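Worksheet for the structure shown next.
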């Protein structure tokens with residue numbers, strides 16, 4: 001065995017996905033909870049969590065690893081006749097850099113929240129997760145209806161400290177629609193639109209629903225930035241919604257990731273909480 005005790009702890013996250021195809025009759029029994037063994041999906045999710053916690057016992061020569069996050073999500077798809085299974089596990093969550101007071105941020109063990117007052121823009125950055133390319137996935141929701149000019153939630157997929165970042169900015173609008181743009185932001189916070197804001201076709205939201213957002217930044221001189229947004233629980237779209245390229249010096253190397261939020265000054269129901277769940281960043 002190799003001695004790795006002197007190595008520093010680093011944030012690591014793994015993600016695994018699978019599709020289980022079956023007869024429509026079987027799928028209906030599972031969705032309706034009408035099978036002879038009851039709620040199959042809930043039992044499977046619990047079994048997945050229990051199995052992950054015993055990896056060292058189940059896999060020969062596997063070291064025991066303390067998990068800091070673990071999730072198993074099963075989504076049925078009647079159209080395709082299958083179950084989509086997504087599992088994530090993390091060993092160290094990483095050290096976040098917060099842009100405002102710690103009282104604006106909370107974690108309840110499963111979901112992170114960012115508290116926004118009207119006209120405020122709290123952010124959280126994971127600078128240690130630095131890489132030349134990133135594929136970021138996150139699930140976002142809000143605890144109150146959007147009012148005024150809405151609530152903006154940006155997923156940053158390359159942030160170079162002292163230089164700026166590339167981000168996809170999603171806006172929860174007061175009429176229930178969702179708009180998205182691609183932005184380059186300077187170190188001073190000045191935004192330049194790489195792709196102007198546009199409505200996500202056919203997508204609406206309501207309190208209690210969540211949006212899945214995937215942002216990818218790859219390449220250098222130019223860098224390619226692209227985004228997808230869809231309703232949580234629905235299949236991921238095959239096509240990217242918005243794509244742009246940019247060659248701004250200072251943003252063509254490795255960078256970290258983050259979440260930036262802003263509640264419009266015209267909001268009438270502040271404070272509003274942005275819920276952040278299942279943030280996963282991998283190398284594309």
Taking only Cα atoms and a 10 Å spring cutoff, compute GNM fluctuations for the chain and point out the largest among 225, 49, 215. 49
Evaluate the distance, in nm, between pseudo-label points positioned 7 Å from the Cα of residue 55 and of residue 254 along their respective Cα→Cβ axes. 2.2
Which order do peptides 31-37, 230-236 fall in by mean Cβ count within 10 Å, highest first? 230-236, 31-37
Note on region 97-282: contact order normalised by length, alpha-carbon pairs under 8 Å, 6 or more apart, percent, works out to 36
Please compute the Kirkwood hydrodynamic radius over region 13-90, one decimal place, Å, based on all pairs of different Cα atoms. 13.8
Which order, highest average first, do 149-158, 123-132, 242-251 follow once you tally other Cβ atoms within 10 Å for each residue and take the mean per peptide? 149-158, 123-132, 242-251
Taking Rh as the Kirkwood radius computed over C-alpha pairs, what is the Stokes-Einstein D of region 195-284 at 20 °C in a medium of viscosity 1.002 mPa s, expressed in µm² per second? 137
Compactness relative to 2.2 N^0.38 Å, alpha carbon Rg of region 99-240: 1.04
If you project the alpha carbons of the chain onto their three principal axes, what span does each projection cover, largest first, in Å? 57, 53, 38
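Throughout, read-outs are computed from the coordinates displayed, never taken from laboratory work. This is a predicted model, so every value here is computed, not measured. Counting neighbours? That spans all protein chains shown, and the Cβs are built from the backbone with ideal geometry, glycine included.
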